[in-house]
Amino acid sequence: MADAEPGIHSARGDAADRKEPAPTPAPVDADDSHRKSLRKRLMLGVGGLVLLAGLGYGGYYMAVGSHYVSTDNAYVGADSASITPMVAGQVLRVAVADTQTVHKGDVLVQIDDSDARIALAQAEADLARATRQFGQTSATSEALAAQVQAREADIARARAQVTAAESDFEKARIDLGRRQKLAPNGAVSGEELSSATNAFQAARANLELAKAGLAQATSTRVAASGQLAANDALVRGTNANTAPEVLAARAKVEQAKLDLTRTTIRAPFDGVVTRRAVQVGQRVAPGAQLMLIVPLNQLYVDANYKEGQLTRVKVGQPVKLTSDLYGGDVEYHGRVVGFSGGTGSSFALIPAQNATGNWIKVVQRLPVRVALDPKELQQHPLRVGLSMDAEIDTSAK
């Protein structure tokens, strides 16, 4: 064992003697360290710039940007005029074509006016007849007044006749009574008594006849007075210009003149003709649409804003707009004039139904009406349906 240990120790010693020395650390590269330092400073700088940009944008949004709401969902609109005839007839001439610019009062369509001229002549004849009839009625009143006076004279004559008949009757009665008293004594002959009796009967008949004549004259006067009152009711307080029949006839003349003027259809305002649907020779009826006139100087914009953008939007606030037609170089200025009564989807032909199990909230848009400056429209005309970008300044009160 003692011999073996030295050998072992000798082997270990040799192994220890053969150990390699530890590697020395490589020297640090100065350029690499510089690059890392530079990259770190660059990242810090970029981060600082981003932070400053964020703070700047946040400050700008709080101070300026939050006062504006914008949308590109905006379109030009106009209250177009639908040209429709007010009288029936055949079209003789169409003076305009689609896309043609017209001015207020320009002739658009000419309808055959032959029937209207005949109707006007008939109405004028009716007016002349009504005026003449009023004159006749006035003259009749004068004649009836004269008849009433004549009936008064007839009544006076009838009364005189009644008075005379009464006197004759009284005389005949007295004569008959006297003779009847003398007849029993033979002082009066039978023939004389018979004559007195006949005279009494005749006087009584004449009295009755006179009374009947008075009654007839009175009735005739009442009838004449009634006719006079009825005729006076037609002319009392009126003249040839204010009589109801004359006024009615004159109104028909005015209507006929109006119908005659309506055979010529004119432009109601300046604009552009579109959707012309009438041809020469076509027979048109009242209310049929012939064409549309779009006013280019009275356009507006319907800007569809999201419901969350309208918190501070008020009527009267200024709006800045640009059109895709002219680009951003041309700006239009307008003002908010009103809000629609409902969202666009609520007035759709088939409104959205959200009462389902898989309901997903969709942000709604509300049309905002913006009136444009007519002077700017005259300088840079727009057309209905063009796309616009609208920005509302909500800071204005």
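Dividing the radius of gyration of the alpha carbons in segment 143-270 by their Kirkwood radius gives 1.60 for Rg/Rh. In this simple spin-label approximation, residue 266 and residue 98 carry label points 7 Å from Cα along the Cα→Cβ vector, and these lie 2.8 nm apart. In the frame of its principal axes, segment 230-281 has Cα extents of 60, 26, 13 Å, reported largest first. Name the most mobile residue of 177, 77, 308, meaning the one with the largest mean-square fluctuation, in a Gaussian network model of the chain with Cα contacts below 10 Å. Result: 177 has the largest fluctuation of those listed. Full extension of the chain between residue 396 and residue 345 yields a length gain of 15.4 nm, computed as 0.36 nm times the residue separation minus the alpha carbon distance. Stretched out straight at 0.36 nm per residue, the stretch from residue 371 to residue 107 would grow longer than its current Cα-Cα span by 92.1 nm. If you look at the Cα atoms of segment 40-151, you get an Rg and a Dmax of 40.1, 135 Å.
Using a cut-off of 15 Å between beta-carbons, work out the net charge of the residues near residue 304 (Lys and Arg +1, Asp and Glu -1, residue 304 not included). Charge balance near residue 304 sits at -2. The convex hull defined by the C-alpha atoms of segment 275-346 has an orientation-averaged projected area of 8.7 nm². For segment 94-167, what percent of Cα pairs sit more than 16 Å apart? Counting every Cα pair in segment 94-167, those more than 16 Å apart make up 75 percent. Only Cα pairs under 8 Å and 6+ residues apart enter the sum, and on that basis the relative contact order of the chain stands at 29 percent. Highest GNM mean-square fluctuation, the chain, Cα pairs closer than 10 Å: which of 204, 151, 250? Result: 204 has the largest fluctuation of those listed. When you count the other C-beta atoms within 10 angstrom of each residue and take the mean per peptide, 163-175, 38-50 line up highest first as 163-175, 38-50. Taking the Cβ-Cβ separation of residue 73 and residue 46 as r and a Förster radius of 51 Å, what is the calculated FRET efficiency to the nearest 0.05? Computed FRET efficiency for residue 73 and residue 46 comes out at 0.90. Of 197, 84, 343, the residue with the greatest mean-square motion in the GNM of the chain, using alpha carbon springs below 10 Å, is 197. The label point for residue 280 and the one for residue 306, both projected 7 Å from the Cα toward the Cβ, are 5.7 nm apart.
Gain on full extension, evaluated as 0.36 nm per residue between residue 180 and residue 39 minus their Cα-Cα distance, stands at 33.6 nm. Applying the Kirkwood pairwise sum to the alpha-carbon positions of segment 134-208 produces a hydrodynamic radius of 15.3 angstrom.
Computed over the alpha-carbon atoms, the chain gives an Rg to Rh ratio of 1.65, Rh here being the Kirkwood radius from the mean inverse distance. Over segment 198-342, the pair-distance histogram of Cα-Cα distances with 10 Å bins from zero comes to 7, 14, 14, 12, 12, 10, 8, 6, 6, 5, 4, 2, 1 percent, rounded to whole numbers.
For residue 164 and residue 189, the FRET efficiency from 1/(1 + (r/R0)^6), where r spans their Cβ atoms and R0 equals 35 Å, is about 0.75.
Average projection, convex hull of the Cα set of segment 297-389: 7.5 square nanometres. Spin-label pair residue 378-residue 329: with each label point 7 Å from Cα along the Cα-Cβ axis, the two points sit 2.3 nm from one another. For segment 236-335, relative contact order (Cα pairs under 8 Å, six or more residues apart, normalised by length) works out to 16 percent.
Readers should treat all values here as calculations from the given coordinates under stated rules, not as data from a laboratory. As the structure is a prediction and not an experimental result, all values here were calculated from the model. When we count neighbours, we look across all protein chains shown, and the Cβ atoms used for this are built from the backbone with ideal geometry, even at glycine.
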